[in-house]
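One structure is given here, and the rest of the page talks about it.
The values are calculated or read from the model by the stated rules, or taken from the named source; none is laboratory data. Everything quoted here is computed from the prediction, not taken from an experiment. Every residue, glycine among them, receives a Cβ derived from its backbone with ideal geometry; neighbour counts consider all protein chains shown. Accessible surface areas use protein heavy atoms only, side chains included; no ligands, DNA or RNA. Shrake-Rupley method; radii C 1.70, N 1.55, O 1.52, S 1.80 Å.
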Amino acid sequence: TSEKGVWVPKLSSYSAYAENKVQALAFAINTTIFEEEIDGERCYKIKYSDDLIIFVNKETYMIKKEINCGKETTLLEYELNCLSDEDLELLN
């Protein structure tokens, strides 16, 4: 906690985008991809280095978990396309 509120860790956003074949080859050489189950969800385990591993849900392609410099952050629950008009109403 701090004077302004509570510090909440967040998942980062990573990209595996390559602009050309050389970048794609460098990514392929330096990265390993496995499959692993997290909380009953099938995920890709993408290991960029010993210090950076991310887990991506195989169905939604959303990051489920990351391990960054030994610090582990996990997304516990999320839903897609579920925002309603009531969620956006202003409080009285």
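Largest first, how would 61, 48 line up by accessible area (1.4 Å probe)?
Numbers: 61 155, 48 55 Å².
Accessible-area ranking of 61, 48, largest first: 61, 48.
For residue 22, what accessible area in Å² do you get when you roll a 1.4 Å probe over the heavy atoms of the protein chains, rounding to the nearest 10?
Residue 22 has an accessible surface of roughly 110 Å² with all protein chains in place.
Treat each spin label as a single point 7 Å out from the Cα along the C-beta direction, and report the residue 62 to residue 27 distance in nm.
Spacing of the two 7 Å Cα→Cβ label points: 2.2 nm.
Hey, which aspartates and glutamates would be in cross-link range of residue 58, C-alpha to C-alpha under 12 Å, not counting anything within fewer than 8 residues on its own chain?
Reachable aspartates and glutamates: 35, 36, 37, 41.
Order 43, 69, most accessible first, counting only protein heavy atoms with a 1.4 angstrom probe.
69, 43
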